[in-house]
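First the structure, in the form of structure tokens, and then the observations on it.
FYI, it's all coordinate maths here, none of it is from the lab. Note that this is a predicted model, so its numbers are computed, not measured. Using ideal geometry, Cβ is built from the backbone for each residue, glycine included, and neighbour counts are taken over all protein chains shown.
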Amino acid sequence: MTRTLVIIPARMQATRLPGKPMADIHGKPMIVHVWERARAADVGRVVVATDTEEIASAIRNVGGEAVLTRPDHASGSDRVHEALQRIDAGGAVDFVINLQGDLPTLEPHLVRECLAPLMSPGPDIATLAAEIREPEEKVAPSVVKVVGTPIGCDGPRRLRALYFTRATAPYGEGPLYHHIGIYGFRRAALERFVSLPPSPLELREKLEQLRALENGMRIDVTLVDTVPLGVDTPADLERAREMLAA
């Protein structure tokens, strides 16, 4: 039987919205909303990995599990890996979901959709994307695009990722896909990924998933119909409050 662990990395310092994991949304910190939605996905144990006791306490106060990690990690993937080593040093976990802590409107089924490609041999990493519908998003550097080739004939639509970029790509007629930054890793793939140095394209595009592609790792992408709101600014936070008020 496979075992899956969902780890939500959360740090208090953020450039555009400091302290955002603890931002109040209808009486609960944002990180608690994300934890609740991860639990609702029902794919496995859910743990918050944080550098701050305040965040850990917020999760423990609602009956959740949190682990304190070093404050100096360069990325969420590094924090997730440290948490995995602390939680499961014996290696019982097969798959790890890296779920961003700033997705309070996340639909739980997206976690399951992210995990699904790893149930078949082949991919090292799995992630999500949705077709871009708004013209302005096609040219926005803040909207990361995944370029991929379709795989499979039956079941959910999937791509094998060839590249991720902030540019408008690929050129020509056809859909563009908005990458959703939720990742599923085979355990060995996560361990390899964090051991690799930052790659040239990763540094240029400021997209860490390019490190995996540049080192020959396979990333499969499930295409879904919705993009969860990522909270990066005060305006995003207000929008999340409006969405969750319903």
Where in region 128-151 does the amide nitrogen come within less than 20 Å of the point 7 Å from the Cα of residue 225, taken along Cα to Cβ?
128-135
Is it possible to state the helix-based mean residue ellipticity at 222 nm for the chain, with each DSSP H run of 4+ residues giving -39500 (n - 2.57), the sum divided by total residues, to the nearest 500 deg cm²/dmol? What is it?
-8500 deg cm²/dmol
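Full-extension gain between residue 61 and residue 191, please, as 0.36 nm times their residue separation minus the C-alpha to C-alpha distance.
Working: separation 130, 0.36 × 130 = 46.80 nm, distance 3.09 nm.
Full extension from residue 61 to residue 191 adds 43.7 nm.
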What residues have an amide H closer than 5 Å to that of residue 5, excluding those fewer than 5 places away on the same chain, when H is modeled at 1.01 Å from N in the peptide plane?
95, 96, 97
Taking only Cα atoms of region 1-147, the Rg to Rh ratio with Kirkwood Rh works out at 0.97
Any chance you could run the full-extension gain for residue 131 through residue 89? It's 0.36 nm times the residue separation minus the Cα-Cα distance, nm to one decimal.
11.3 nm
Once phi for every residue in region 25-36 is put through the Karplus expression 6.51 cos²θ - 1.76 cosθ + 1.60 (θ = phi - 60°), the whole-Hz ³J(HN,Hα) values, with Gly and Pro written as x, are 10, 6, x, 10, x, 4, 4, 5, 4, 5, 4, 4
May I ask you to order 162-169, 4-11, 120-127, 61-68 by the average number of other C-beta atoms within 10 Å around their residues, highest value first?
4-11, 120-127, 162-169, 61-68
What is the local net charge at residue 238, summed over the other residues whose Cβ is closer than 15 Å to its Cβ (Lys, Arg +1; Asp, Glu -1)?
-1
Sorted by average packing, counted as other Cβ atoms within 10 angstrom per residue and highest first, what order do 23-33, 103-113 take?
103-113, 23-33
Local net charge near residue 118, Cβ-Cβ under 14 Å (Lys/Arg +1, Asp/Glu -1)
+3
Inter-part gap, Cα centre of region 20-50 to Cα centre of region 195-246, in whole angstrom, is 18
Provide the per-residue ³J(HN,Hα) series for region 119-134, in order, calculated from phi with Karplus coefficients 6.51, -1.76, 1.60 and θ = phi - 60°, each as a whole number of Hz, with x at glycine and proline positions.
6, 10, x, x, x, 8, 9, 10, 8, 10, 8, 9, 5, 7, 9, 8
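Full-extension gain between residue 204 and residue 151, please, as 0.36 nm times their residue separation minus the C-alpha to C-alpha distance. Present the calculation step by step, with values, prior to reporting the outcome.
Values: separation 53, 0.36 × 53 = 19.08 nm, distance 2.81 nm.
Separation in residues times 0.36 nm, less the Cα-Cα distance, equals 16.3 nm.
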J(HN,Hα) series, region 221-231, from Karplus relation 6.51 cos²θ - 1.76 cosθ + 1.60, nearest Hz, glycine and proline x
10, 8, 8, 10, 9, 9, 10, x, 6, x, 8
Relative contact order for region 4-245: what is it in percent, counting Cα pairs under 8 Å that are at least 6 residues apart?
22
Dividing the convex hull volume of the Cα atoms of region 137-246 by its residue count, what figure in Å³ per residue is obtained?
156
Which translational diffusion coefficient, to the nearest whole µm²/s, is obtained for the chain from the Stokes-Einstein equation, given a Kirkwood hydrodynamic radius over C-alpha pairs, 10 °C and 1.306 mPa s?
87
Check residue 48: other-chain or 5+ apart residues with amide H under 5 Å from its amide H, H built from backbone geometry?
8, 65, 66, 67
